[in-house]
1. Within the range 181-204, track down each residue that is assigned to a strand (DSSP E or B) and modelled with pLDDT of 90 or more.
2. Can you list residue pairs whose Cβ atoms sit under 6 Å apart, with the first residue in the range 75-92 being more than 22 Å from GLY117 (Cα to Cα) and the second being at pLDDT 90 or above and hydroxyl-bearing (Ser, Thr, Tyr)? Count only pairs 6 or more apart in sequence or on different chains.
3. Take the residues of the range 112-129 that are touching a Leu at 6+ places or on another chain (Cβ under 9 Å) and at pLDDT 90 or above: which is farthest from PHE90 (Cα to Cα)?
4. Condition (residue is at pLDDT 80 or above, under 30 Å from LEU113 (Cβ atoms) and part of a loop (DSSP other than H, G, I, E, B)) applied to the range 4-17: is it met by at least one residue?
5. Filter the range 142-180 for residues that are out of contact with any strand residue (DSSP E or B) (no Cβ under 9 Å at 6 or more places or on another chain) and either without any contact (Cβ under 8 Å) to a residue 12 or more places away in the chain or hydroxyl-bearing (Ser, Thr, Tyr) (or both); which is farthest from LEU113 (Cα to Cα)?
6. For the list (1) free of Cβ contacts under 8 Å to residues at least 60 places away in the same chain; (2) within 25 Å of ILE186 (Cα to Cα), I need the number of the one condition that TRP123 fails.
Amino acid sequence: MKSNQAGFTLIELLVTLAITGFIGLVASQLITTSFKAQLSVKEEAQRLEKGARVWLRLESDLSQIVDRPIIDALESQEAALMLDGEALTFTRAGWANPLNEERSQFQRVSYRLADSGLIRRFWRVLDRSSDSEPIEQTFLDVSVFEVEVMNAKGVWLAAWSDEDEGLPVAIKVTMAINDKAEFTRIFEVASYSIDDTPVAGQGG
């Protein structure tokens, strides 16, 4: 008697294996592409977050500038705001004091661009002595940092020093972060009254 059961021929097996292999290859490529896309989105989100953090830190500092000159380590007076070819330096208010330390609510801050990125420096005292060392924070991936200030006549200047009276009207900052296009923002310089006394728990 002849059997009614028919097995796969060699050609059918080869075709089945080829189709299965092709489906597996396509699925593997789709999974790899999806993973790379997710990784790319995550990395881009991290870069955007870092860029936003730089602007937020800068905005917090510039929005609280005060007209308070300081005495440097050489016992010379520095203007409340100074801008030269390398750095923007100023005094700001609103320095948080959660530990109720006996210190000023004001803080001396400086920004300058280096090979490693944008460096923010601040000092724990306003009027410094020879042993007053700054504390540094580096924002990586900042490749461009350009600053101009506007005087009372509405003229943009690339420098501001002791010879200039008071504070500028506005500050224009141009930055490029993560190799992206340059972006410019203008910050109005507000006027605050000066009361340089230690303030406990001052937020900012």
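The values are calculated or read from the model by the stated rules, or taken from the named source; none is laboratory data. Small disclaimer: the values here were computed from a predicted structure and weren't measured. Here the Cβ is made from the backbone with ideal geometry for all residues, glycine too, and neighbour counts use every protein chain on show.
1. As a first pass, look at the range 181-204 and keep what is assigned to a strand (DSSP E or B): 183-188, 198.
The answer is PHE183, THR184, ARG185, ILE186, PHE187, GLU188.
2. Pairs that qualify, where the first residue is more than 22 Å from GLY117 (Cα to Cα) and the partner is at pLDDT 90 or above and hydroxyl-bearing (Ser, Thr, Tyr), are ALA80/THR91.
3. For the range 112-129, the residue satisfying everything is GLY117.
4. no
5. By that ranking, first place goes to LYS153.
6. (2)
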